[in-house]
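Worksheet: one structure, shown below.
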Amino acid sequence: MPHADIPAATLFIDGEWRTAAEGGTREIHCPADGTLVATVAEGSRTDAEQAVAAARRAFDEGTWASSSAWDRGDLLLRVADILVRDKADFARAESLDTGKRLVESEFDMDDIAACFRYFGKLAGTDSGRVVDTGSPDAISRVQYEPVGVCGMITPWNFPLLQVAWKVAPAIAAGDTFVLKPSELTPSTAILLMRALTEAGLPAGVGNLVLGTGPEVGSVLAEHPDVDLVSFTGGLHTGRTISALAAPTVKKVALELGGKNPNVVFADADFDTAVDFALTAIFLHSGQVCSAGARLIVQDELHDRLVDEIVRRAERIRIGGPFDDDAETGPLISEAHLRKVEDYVAKSVAEGAVLRTGGARPEGERYAAGHFYLPTVLDEVRQGSYAVTEESFGPVLTVERFTDEDDAVRIANDTHYGLAGAVFTGDPAKAQRVANRLRHGTVWINDFHPYLPQAEWGGFKQSGIGRELGRAGLGEYQEAKHVYQNLRPGPQNWFSG
Ligand code: NAD
């Protein structure tokens, strides 16, 4: 069923809804069953350049950049209220575009409203500081100023959440922006631009151009009138964007992939470890940048833990966004499904033991969607393809370790450094391991929670810069978020 309220004019430039300058359109199909859900405008370089010009004018004209930070904060709070009011429409649109379960989209909408509320309250609370010059004859202060025009490029896995993490702080700071969401999942970005307009965002401050990365995204990375390009997506695209941005030495923020270790010690609470290992990788069919794709388990627990994970994985119910009994959904596209199939085939060819999954589910219910079974690959070797490449699908790899040092060494043996977890009943060991993991977020006896007030970002090749929270000593320090669950226990996200 199409979105009733998404018309063809879906580019938003200089305060006006427009069709694409060169007439391009794109059909959006639900990944769960192939239903046509919307036909949107597909922009080109021309549209991207017009949007950059509008954002540049709106910034240089000065009224927005010098507006009261409190007023900009109020605008964000109004957006949060609209998101709460229209939660059902947003969640439905997100589920139709991504195929994810409606309950997960609803959950995401709460996070998105919280993000707007957080930055709404933050705006104006920290505008700078007075610095003591040591002399009665001079005064000195540090003040925070907007960067200017921001180009924002976002992925399809949490479409509106990734947009919110960029748009909300940019508005709080007094920047103007051009947003290019993933071409596969544009609907909620369109709804958000309506909400921003309703909340009073001035024309030209926020612009939306739909289209592909090479056509529209590259303009945002290259254009001399863009001051910052902020990108969330895959490592290879991140490298391309860095290269495109280099000639203009613009600021670059990258939130990239991860191959995230989930370290389980033999003294961990067994039911909790099993439950979180499943949620870590099979939530949203593994299409989560911080997914716990690498289970790293202490030797003596290996057989019992993996047997139980396999048993539970085989009971996970797959389905479409509106199937009440579904526990996880489809992959985003046929192309992505083939990538996951290739990843599993290569991993098995190099010696991984396929314990379960490794195929598309059979049956009428799955025929028109991009579904893949929860998959467990055991006995993978450190440094092998299976543990170095991100599959971004429902595929768990299993490695073994002997002791604490061995666990840390294996968990850090990756060029990624986005997130990781440690499960243990020993609180001191938990803290020691968390301190030694070279990953931007570390959970203790938990997996996945993030907080808008805590920094999010990758060490190593998982990114440049941080989103959310407040940066520490700028470029010279990493900010790691360590989150400890003090009352761990199973969540039973997957009921089996
Ligand atoms: P992707 O890199 O293929 O695409 C992301 C965005 O970049 C899309 O909007 C796409 O159109 C655009 N793009 C593609 N080629 C481009 C180019 N040459 N120039 C400019 N823009 C271009 O990633 P994806 O498949 O949409 O998302 C999955 C990836 O995102 C995974 O690797 C995942 O780990 C990562 N991710 C990271 C985070 C994080 O917070 N670190 C969050 C979500 C997703």
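The values are calculated or read from the model by the stated rules, or taken from the named source; none is laboratory data. All values derive from a computational prediction rather than experimental measurement. All Cβ positions, glycine included, derive from the backbone under ideal geometry; neighbour counts span all protein chains shown. Areas reflect the complete protein model, heavy atoms only, side chains present, ligands, DNA and RNA absent. Shrake-Rupley method; radii C 1.70, N 1.55, O 1.52, S 1.80 Å.
The set of residues from the range 252-305 being closer than 22 Å to ALA430 by Cα, open to solvent by 10 Å² or more (accessible area, probe 1.4 Å) and of a type in the set (Asp, Glu) comprises ASP267, ASP269, ASP271, ASP299, GLU300. Annotation for the range 151-173: no member residue is in contact (Cβ under 8 Å) with a residue 24 or more places away in the chain and over 22 Å from GLY457 (Cβ atoms).
Within the range 221-238, can one find any residue that is more than 19 Å from GLY148 (Cβ to Cβ) and more than 10 Å from the ligand (Cβ to nearest atom)? Steps first, answer last, please.
Restricting attention to the range 221-238, the residues satisfying the condition of being more than 19 Å from GLY148 (Cβ to Cβ) are 232-238.
Adding the requirement that they be more than 10 Å from the ligand (Cβ to nearest atom) leaves none.
Looking through the range 221-238, none of the residues is more than 19 Å from GLY148 (Cβ to Cβ) and more than 10 Å from the ligand (Cβ to nearest atom).
Identification of strands (runs of 3 or more DSSP E) wholly contained in the range 12-53 with 1 or more residues that are open to solvent by 30 Å² or more (accessible area, probe 1.4 Å), of a type in the set (Lys, Arg) and not assigned by TED's automatic domain parsing to the domain that holds GLU364 yields 16-18, 25-29. Within the range 424-465, restricting attention to residues that are in a strand (DSSP E or B) and in contact (Cβ under 8 Å) with a residue 60 or more places away in the chain, the residue that is nearest to ARG117 (Cα to Cα) is TRP456.
GLY211 meets each of the listed conditions (1) on the phi > 0 side of the Ramachandran plot; (2) more than 10 Å from the ligand (Cβ to nearest atom) apart from (2).
Please specify each residue of the range 164-203 satisfying the condition of being farther than 20 Å from ILE82 by Cα, within 14 Å of the ligand (Cβ to nearest atom) and of a type outside the set (A, V, I, L, M, F, W, C). Correct list: LYS180, PRO181, SER182, GLU183, THR185.
Looking only at the range 346-375, how many residues end up being surrounded by fewer than 21 Cβ atoms within 10 Å (Cβ to Cβ), more than 18 Å from GLY319 (Cα to Cα) and not basic (Lys, Arg)? Count: 7. Determine, yes or no, whether VAL288 is hydrophobic (A, V, I, L, M, F, W, C) and either within 16 Å of the ligand (Cβ to nearest atom) or not in a helix (DSSP H, G or I) (or both). Yes: the conditions hold for VAL288.
Listed by first and then second residue, the pairs linking a residue in the range 52-78 that is free of Cβ contacts under 8 Å to residues at least 60 places away in the same chain to a residue that is open to solvent by 30 Å² or more (accessible area, probe 1.4 Å), with Cβ atoms under 7 Å apart and 6 or more places separating them unless they lie on different chains, are LEU77/ARG117. Taken over the range 376-402, the residue count meeting the criterion of being open to solvent by less than 10 Å² (accessible area, probe 1.4 Å) and either free of Cβ contacts under 8 Å to residues at least 40 places away in the same chain or assigned to a helix (DSSP H, G or I) (or both) is 4.
Among residues that are open to solvent by 50 Å² or more (accessible area, probe 1.4 Å) and either within 22 Å of LYS100 (Cβ to Cβ) or under 27 Å from the mean Cα position of the chain (by Cα) (or both), TYR343 is not included.
Look through LEU396, LEU377, LEU451, LEU373 and report the one residue that is over 20 Å from ILE309 (Cα atoms) and hydrophobic (A, V, I, L, M, F, W, C). Walk me through it before giving the result.
Working: LEU396 fails: over 20 Å from ILE309 (Cα atoms); LEU377 fails: over 20 Å from ILE309 (Cα atoms); LEU373 fails: over 20 Å from ILE309 (Cα atoms).
Testing whether each residue is over 20 Å from ILE309 (Cα atoms) and hydrophobic (A, V, I, L, M, F, W, C) leaves just LEU451.
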